[in-house]
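Q: Questions regarding the structure given below will be posed in turn.
The values are calculated or read from the model by the stated rules, or taken from the named source; none is laboratory data. None of these values were measured; they are calculated from a predicted model. Cβ: placed from backbone, ideal geometry, glycine included. Neighbour counts: every protein chain shown.
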Amino acid sequence: MNRGVLLCAAGLHMATQSALAPFYPKLFREAFGVREFGATGGFLMVCQLAAIVALPLWGRATRHYPLARLVTAGQSAAVLLAASLALAPNFVAFTTLSVLLIAAKSVVLLAYPSIARSHAKGLFPGVLQYVAVLHAASIAATLLGTVVVTVPNPRTALPLLAVAELGLLCLLSVVGRRSADRTPTPATAVGRRSARRTPTPSPSTAVGRRSAGRWGSPLLERSRELGGGWAQPHDGGQTPDKFRLAYLAAVVLTYAVAVYAVRPYFTEYATAGGTSTQEAAFLFVLPHIAVLAVLPAATALRAKLGSALLPTSLALGAATLAWQAATTDPLVLGAARVLFGAALGLSQVALDHRVLKTSGESQTYSLIATAQTAGLLLAPLVATFTAKADLTGPLLAGAALLTLLALLTPTERHHPHEHAPRPRTPRRVAGVLARGESSAARQDPVGVRVRGTDQARSA
């Protein structure tokens, strides 16, 4: 499965998770008569627990089945489960179906390191592309969620989710089939012709074997990545120390709590200040639009600020969250949301790049992934606990956590011209072999003449 399919699947997962996220209190109140604030927090917590349970099972399944087949199977189940949401008679049934839906689509989370690292221009552009896809999916999901909750009976609009899932399943199937039916690459064709002519290994095979000690087999590395373990070494080629991994895990956990705790009750906070549901939905989606607008400048900002980009963007995010808690005016709140989105995009890219650059082996990255999942699990609880006192509570809690991270996040040495190793194309392989043969001829010219004479006599 190519990068485009994996990116598409990741976007679908984000859309399913976030389509109704800002409207759950209103949906539960109008569709099922559930008015307790704790219902939304408990619902989101159970959904995150479903992802925690499902991910190891999907990881085991990828050892026996191709990831493309598993993603298609999960998306097929998602179509049926999304259609069943409209038929849920009560809150318990709706929660059960939502848990199964999240579990079915969580398989795509296993592919994030592979998606980021396989970008042709390096790791940082790969992270940029992945973050852009996720936030574009969040925008589309929010628009869809707005349609669902603005109808008189929200449950009658829930089939729109199933229609979207079905259309995306068709797209996955078509793209996946085209990817499977692709013709062999020129390097593969040359290798096959060379294998038919002579029993000796082809040049590309020989170079692959000689370079295996440095890069490892690309196919083996990719299979390990898609199976839940990321075997590609991080920058530097050495196993990171445990203290640094524990520190990064704590940063990822805290960041997830700070960012996601402000989401569940934001539309309630905005509508309580006098805005309409549509205006609140637009204010909710503004940060995602700002993320897409600021990402093209992320590379230049990283080149100028280096590793200071992360603490700087965290501090800006904290300030803008506090600003949102201090106002309910739609225009001022909108300006604060735009600046928060810019800080969110820059901090997310900087943090993901730092994490993926540090973590390499499966056991090291699994610690980071577990910390992130734990943060997503704790965020609804923090949101519910702080919202009981006041609806500004989640915003202030997020601002406090981001301030803490900005103060405790150190800067690192930055190399603005770092690039990922160039792939060994057939032309580069031929050049390497030619240089190797020339070097051998200079070192042993007599042996070359003797071997050439022997070959001429045998001919």
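Q: Filter region 276-317 down to the residues that are closer than 21 Å to Ala406 by Cα and either touching a His at 6+ places or on another chain (Cβ under 7 Å) or of a type in the set (S, T, N, Q) (or both) and list them by number.
A: Val291, Thr299, Gly306, Ser307, Thr312, Ser313, listed by residue number.
Q: Within the set of pairs 6 or more residues apart or between chains, which connect a residue that is assigned to a helix (DSSP H, G or I) and modelled with pLDDT under 85 inside region 28-48 to a residue that is small (Gly, Ala, Ser) and surrounded by 15 or more Cβ atoms within 10 Å (Cβ to Cβ) with Cβ atoms less than 6 Å apart?
A: Listed by first residue and then by second, the contacts come to Phe37/Ala387.
Q: Cβ-Cβ under 8 Å, sequence separation 6+ or interchain: first residue in region 162-173 and assigned to a helix (DSSP H, G or I), partner loosely packed, with under 15 Cβ neighbours inside 10 Å. Which pairs?
A: Between residues of region 162-173 that are assigned to a helix (DSSP H, G or I) and residues that are loosely packed, with under 15 Cβ neighbours inside 10 Å, there is no close pair.
Q: Continuing with the same structure: Looking at Ser307, Ser347, which one is more than 20 Å from Leu55 (Cβ to Cβ) and either buried (at least 19 other Cβ atoms within 10 Å of the Cβ) or not polar (S, T, N, Q) (or both)?
A: Details: Ser307 fails: either buried (at least 19 other Cβ atoms within 10 Å of the Cβ) or not polar (S, T, N, Q) (or both).
After ruling out the rest, the residue left standing is Ser347.
Q: Criterion first (without any contact (Cβ under 8 Å) to a residue 40 or more places away in the chain and assigned to a helix (DSSP H, G or I)) does Leu70 satisfy it? Full working, then the answer.
A: Working: without any contact (Cβ under 8 Å) to a residue 40 or more places away in the chain: yes; assigned to a helix (DSSP H, G or I): yes.
In short, yes.
Q: Within region 100-122, does at least one residue satisfy the condition of being more than 28 Å from Val355 (Cα to Cα) and part of a helix (DSSP H, G or I)?
A: Quick first cut of region 100-122, residues more than 28 Å from Val355 (Cα to Cα) only: 100-101.
Then keep just the ones that are part of a helix (DSSP H, G or I); that gives 100-101.
Yes, the conditions are met somewhere in region 100-122.
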